[in-house]
Amino acid sequence: MDRQFSLLSRLNRMVCLILGMTVVGGCQYKMPTALDSPWLPRQEVWAIAPLANESGVSHVDRLGVTDSLVLETASINGIDVLPLNRTLEVMLALDIGLDGIPTTSEYEQICRVLGADAILVGTIMAYNPYQPLRLGSSIQLLRPQGRNSRVVMDPRSLSMAVGEGAPRSLGPVSRPSAPVQASGIFDAENHGVLIAMEAYSEGRSTQNLARSDLGLYHLDMDDYAEFVFHQLLRRLLEEAGPNRSAGTAVALAGS
């Protein structure tokens, strides 16, 4: 018994020591910024359609950029994301082309076949995978008619230029409302983008390792795309929340 008590005492001291080191080192390490679903505690299931390329650049890795969107969306508390391959398989089975932008009814059909609460659709508006990195995207959240009393939208509206007049809000989320959309162009040379990257990188080992002595970043496009979609998803979730503002979140974050 004395031996067990001694072992427990040692374990307790080790736990206290580790906790103390964590507190002391708290200023040196921060947990990554997490996004929360506005529908919590309800857990939602989302599908994500492959992003369409409307950047004017022919060599865009559409599926690679979409994978970054999938990874970042999957990190949202309260959102479960279906694998991109499952969405692609359903689109091929329904004879829906992967190169263009599906119609509203096709997006609804994909969502219903997958059993998803919603499908995230979007376009790539700007793309430069070389330093300094540049990525622009527009994403929208689409729900089938009759699910949560939300209306569907014309996904072709995603191709609207950044800065154009945003659709007028038609009411709160619990009633038929305007599409929930977020758009932005992020240039790694832009000072505001660098500040946002600094905040986003806290607690993320990949981004911290990519930091140079000058505080700049030399990430590859996959990591940069995750940062960009974190910013856009944050805006989209804010718009979808109960206190959403009129219109959609459209912003130019660097040019």
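No lab work stands behind these numbers, since they all come straight from the coordinates. Bear in mind that the values here come from a model prediction, so they are computed numbers and not experimental data. Cβ: placed from backbone, ideal geometry, glycine included. Neighbour counts: every protein chain shown.
For the reader, a short list of remarks on this structure follows.
- The stretch between Glu238 and Leu63, if pulled fully straight at 0.36 nm per residue, gains 60.4 nm over its current Cα-Cα span.
- Scoring 220-232, 85-97 by mean Cβ neighbours within 10 Å over their residues and listing the highest first yields 220-232, 85-97.
- Model label points for Arg42 and Tyr130, set 7 angstrom from Cα along the Cα-to-Cβ axis, are 4.8 nm apart.
- By average C-beta atoms within 10 angstrom, highest first, the peptides 119-132, 66-79: 119-132, 66-79
- For peptides 31-38, 187-194, sequence by mean Cβ density within 10 Å, most packed first: 187-194, 31-38
- Difference of contour (0.36 nm per residue) and Cα-Cα distance, Met31 to Asp99: 20.7 nm
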